[in-house]
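*Asks:* Let me give you the structure first, and then I'll get to my questions.
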Amino acid sequence: MIGNTKTRILIISIILLVCLWLATGYYAFLLRERYNISNTNNYTEAFSNLVNYVNNVENYLAKAMISEDSEHAAQTLTQIWRDSGLATVYLSEIPFQDEGLSQTAKFLNQVSDYSYSLSRKNIDGESLTEEDFNNLKELHNYSVSLEGTLNQLSEELYNGTINWNNFSSGMDIGLAQAVDNMSVFTNIDDNLNEYEGLIYDGAYSDHVNKQEKKGLVGREISEEEAKQKVKEFIGESYIAQIKSNGFIENAEIPSYDFSIGLKDRDESYSVMISKKGGYIVQSSLDRDVTEEKISQTEANEIGKAYLADKGFADMKETYFIKQGNIVTINYAYNDNGIIVYPDLIKVRVALDNGEILGIETTGYLNSHYSRVYKEPKISIEEAKKSLNENIEIKSENMAIIPTEWKTEIFCYEFKGNVEGKDFLVYINCESGKEEDILVILDTPGGTLTI
């Protein structure tokens with residue numbers, strides 16, 4: 001009798017476990033289906049928006065090619081800038097592999113930036129040149145090609161020939177392979193392969209992106225030489241081991257990447273050394289900082305001394321932000337009283353003991369060189385006449401400011417206050433033109449500008 005009872009209990013237990021397993025599996029299946037449906041809806045919406053904005057771009061480019069009125073042309077170009085920017089956003093939200101659509105993203109970025117550049121030209125009262133109109137015509141031709149390919153792809157998606165699961169399943173295949181031999185996907189980038197990009201004064205201009213890194217001087221070094229640079233940077237006596245993570249060729253500054261184990265410490269340390277010249281590109285030491293003992297002024301001086309010790313002399317603190325008892329300070333190069341904002345280095349300082357937790361020198365290495373300054377055509381007193389009469393000037397300097405097109409402008413920098421709000425105003429030293437106005441925000445987390 002007891003044996004029969006045990007057998008029944010065992011059978012019931014097994015049945016309950018099987019039922020629980022089936023119920024769990026069914027629930028997981030429902031969750032997965034809901035997730036797939038949600039993803040499909042999101043991808044479909046993003047793709048639909050991409051198609052609509054690309055269609056808008058094609059239409060507005062057609063208008064821009066024939067517009068003669070500067071004011072109307074500026075409005076049209078601004079619309080192209082807006083819609084091509086939004087198209088890029090939606091392109092990034094759908095599961096196309098980045099390498100499959102690099103030309104498409106590049107094209108949309110250049111359309112956005114070039115149209116913005118031309119709109120500024122119109123706003124400043126300049127007429128578009130024949131070269132500008134030829135460039136617009138070229139962009140329009142490629143937009144027609146892209147529009148047609150996307151519309152074809154849209155039909156394939158909506159009639160069920162292909163679906164988003166082909167691209168979101170994590171398969172290790174290229175975009176074109178995902179749909180067997182269908183040419184529609186490869187057509188997107190194939191149709192743009194001949195597109196070489198425009199040469200113009202813009203942030204995505206090829207001649208800007210390919211320009212020489214002015215701060216990178218010297219010969220190319222080997223990985224072993226880079227490892228020696230790491231030892232010199234950290235101090236060989238502090239290092240337990242160095243692991244090479246290889247050469248990162250596609251980084252903004254091609255660099256050797258290393259992970260460093262420290263003696264008597266558990267924190268991880270990473271350092272990147274540029275192949276050209278052997279410069280420190282960035283470093284990071286990860287540790288928790290649980291309290292704040294040193295002031296911002298002390299942190300500024302610690303960072304400045306650290307930079308001087310690492311070969312970056314004459315740096316001036318500008319703005320900072322605090323997070324988790326760590327302050328990130330921006331230092332700009334001080335060229336005999338002229339603040340050179342493009343030559344920027346970021347330093348992370350722990351506020352418990354002043355330890356340097358990181359450095360990032362990309363801005364400095366991209367931009368730093370020995371500049372020759374023209375004699376200002378207008379005096380600082382003349383420049384002040386361009387300021388709003390209500391501004392209370394607190395300080396004045398000379399500065400080099402970067403533009404969004406990675407060019408530079410020599411300016412007078414005025415820090416002032418209007419109705420309790422601090423501003424920075426930049427007046428061109430040659431033309432007297434107001435180049436930029438920044439609002440200074442003093443927040444609990446730091447000093448920032450917008």
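The values are calculated or read from the model by the stated rules, or taken from the named source; none is laboratory data. Since this is a predicted model, take the numbers as computed values, not measurements. Glycine also receives a Cβ, built like all others from the backbone with ideal geometry; neighbour counts cover every protein chain displayed.
*Asks:* Being buried (at least 19 other Cβ atoms within 10 Å of the Cβ) and closer than 30 Å to residue 433 by Cβ narrows it down to one residue among 143, 127, 119; which is it?
*Replies:* 119
*Asks:* Going by the conditions given, is residue 297 in a strand (DSSP E or B) and either surrounded by fewer than 19 Cβ atoms within 10 Å (Cβ to Cβ) or not assigned by TED's automatic domain parsing to the domain that holds residue 243 (or both)?
*Replies:* No; evaluated as a whole, the condition is false for this residue.
*Asks:* Also: Within the stretch 94-153, how many residues turn out to be β-branched (Val, Ile, Thr), part of a helix (DSSP H, G or I) and either more than 22 Å from residue 50 (Cβ to Cβ) or under 20 Å from the mean Cα position of the chain (by Cα) (or both)?
*Replies:* 3
*Asks:* Residue check: is residue 256 over 30 Å from the mean Cα position of the chain (by Cα) and either of a type outside the set (D, E, K, R) or in the same structural domain as residue 278 (by TED's automatic domain parsing) (or both)?
*Replies:* Considered against the rule, which asks whether it is over 30 Å from the mean Cα position of the chain (by Cα) and either of a type outside the set (D, E, K, R) or in the same structural domain as residue 278 (by TED's automatic domain parsing) (or both), residue 256 comes out as no.
*Asks:* Filter the stretch 332-388 for residues that are β-branched (Val, Ile, Thr), touching a residue at least 12 places away in the same chain (Cβ under 8 Å) and either in contact with a helix residue (DSSP H, G or I) (Cβ under 7 Å, 6 or more places away or on another chain) or farther than 17 Å from residue 414 by Cα (or both) and give the result.
*Replies:* Selection gives 345, 347, 349, 356, 359, 361, 362.
*Asks:* Would you check if there is a residue in the stretch 47-59 being within 30 Å of residue 435 (Cα to Cα), of a type in the set (Val, Ile, Thr) and not assigned by TED's automatic domain parsing to the domain that holds residue 435?
*Replies:* The answer is yes, given that some residue of the stretch 47-59 is within 30 Å of residue 435 (Cα to Cα), of a type in the set (Val, Ile, Thr) and not assigned by TED's automatic domain parsing to the domain that holds residue 435.
*Asks:* Here are the criteria: (1) hydroxyl-bearing (Ser, Thr, Tyr); (2) modelled with pLDDT of 90 or more; (3) surrounded by fewer than 16 Cβ atoms within 10 Å (Cβ to Cβ). Tell me which single one residue 443 does not satisfy.
*Replies:* Against the list (1) hydroxyl-bearing (Ser, Thr, Tyr); (2) modelled with pLDDT of 90 or more; (3) surrounded by fewer than 16 Cβ atoms within 10 Å (Cβ to Cβ), residue 443 comes up short only on (2).
*Asks:* Being of a type in the set (A, V, I, L, M, F, W, C), within 32 Å of the chain's Cα centre (by Cα) and farther than 16 Å from residue 434 by Cα is the filter here, so list the residues in the stretch 379-423 that pass it.
*Replies:* Within the stretch 379-423, 405 is the sole residue that qualifies.
*Asks:* Give the residue that is nearest to residue 343 (Cα to Cα), with candidates limited to residues of the stretch 406-450 that are outside any strand (DSSP E or B) and touching a Ser or Thr at 6+ places or on another chain (Cβ under 9 Å).
*Replies:* Of everything passing the filter in the stretch 406-450, 406 is nearest to residue 343 (Cα to Cα).
*Asks:* Could you identify the single residue in 400, 450 that is hydrophobic (A, V, I, L, M, F, W, C) and modelled with pLDDT under 95?
*Replies:* 450
*Asks:* Then there is this: Can you tell me which residue within the stretch 303-323, out of those that are under 23 Å from the mean Cα position of the chain (by Cα) and of a type outside the set (Lys, Arg), is farthest from residue 281 (Cα to Cα)?
*Replies:* Step by step, filter the stretch 303-323, then rank; the result is 323.
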